[in-house]
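Before any comments, here is the structure.
The values are calculated or read from the model by the stated rules, or taken from the named source; none is laboratory data. In this text, all values refer to a predicted model and were calculated from it rather than measured experimentally. Cβ placement follows ideal geometry from the backbone for every residue including glycine, while neighbour counts extend to all protein chains displayed. Ligands, DNA and RNA are excluded from the accessible area calculation, which covers all protein heavy atoms including side chains. Shrake-Rupley method; radii C 1.70, N 1.55, O 1.52, S 1.80 Å.
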Amino acid sequence: MKELFKKTIPGAEYDSSDRSPPPRCHPGTRLAVIERCKAFVINRDREKLFWLVGFAGVGKSAIMQSVAELNNIHLGASIFFSVNGRIDGSKTITTLAYQLAVKHGLYRQFIQAEVTADPSLLQKSLSTQFNKLVIQPLINQRLITDSSRIAIIIDGLDECSGPRTQQELLGLILDACITYPTSPLVWLIASRPEPHITSFFSQTRVTPALAKEEILVDSDEARLDVERFLREELNEIHKSSVSLSDLPRWPLDKDFLKLAKASDGLFAYASTVVKYI
């Protein structure tokens, strides 16, 4: 396990101190999309691949974080890629394997035996590692038996390594979803709509295995969620600020509407405004 840990992406898991505090959905916001993610994990039989797509700043990582923290799904493993040091896509499979091995004894024993027999496994290609550490133990042998659906979350795929590695990972995951329709693994992948990723998910062969959720900046749902976030955060500032405590109402409606209009459904903008204030 120590040798395997050395081949992981430090701080990539959802509860890592490196990401503390992680981005989370503001209470009462993004409820519908989180519920759809949960329903995919628990209920969907045909689709094994969920793509959460949206431009920078719409809150994809916060949604994935909130899904990872749900109590009523079986989270197998999670990777939150980031240009701030968590970008090594070549360690994707070993990172997932380590997290799964920590939680599940039979799988841990399998990994220990495989790495003992062939220590070079930790340096093999992504396809070899995927076959040895995912397909064989989790799909063929079903070494994790306490759940019918095991969620694997990969956030920020567009931020790892480069387009070639990203497409290779997507290809391995898709082939597994198509080849093994009764697999217990379901994959939730969040990314920006980069051309090579969009092109991959647009293939005809992807459609039967795919469920897609697009986070639109200018949707009514996004605008209402951002307005709720702004109103509640500004109310907290009003209540806690000595300099504002004498004002019966702050901000004025016209000022709030300016902020809401400028944010226009983009959480990153609203969050930055609140931090600035």
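Round to a whole angstrom and tell me the spacing of the C-alpha centers of the range 99-152 and the range 244-277. The distance from the Cα centre of the range 99-152 to that of the range 244-277 comes to 48 Å.
Could you do me a favour and compute the accessible area per residue for the chain, 1.4 Å probe, result in Å²?
50
Taking trypsin sites (Lys or Arg not before Pro) across the range 169-277, the ones in a DSSP loop with at most 10 further Cβ atoms lying within 10 angstrom of their Cβ are Arg249.
Within straight-line reach of Lys132, meaning a Cα separation under 17 Å, sit the following aspartates and glutamates at least 8 residues removed in sequence or on another chain: Glu3, Glu114, Asp118, Glu168, Asp175.
Step through the table entries Lys60/Lys261; Lys103/Lys124; Lys91/Lys124; Lys6/Lys124; Lys6/Lys91; Lys7/Lys60, compare each Cα-Cα distance with 19 Å, and write down the pairs that go over it.
Details: Lys60/Lys261 21 Å; Lys103/Lys124 24 Å; Lys91/Lys124 10 Å; Lys6/Lys124 14 Å; Lys6/Lys91 10 Å; Lys7/Lys60 27 Å.
Table pairs above 19 Å Cα-Cα are Lys60/Lys261; Lys103/Lys124; Lys7/Lys60.
Helix content alone sets the calculated 222 nm mean residue ellipticity of the chain: runs of n ≥ 4 DSSP H residues at -39500 (n - 2.57) each, divided across all residues, give -13500 deg cm²/dmol. Can you compute the FRET efficiency between Lys103 and Glu35 using 1/(1 + (r/R0)^6), with r the Cβ-Cβ distance and R0 = 22 Å? Round to the nearest 0.05. Computed FRET efficiency for Lys103 and Glu35: 0.30.
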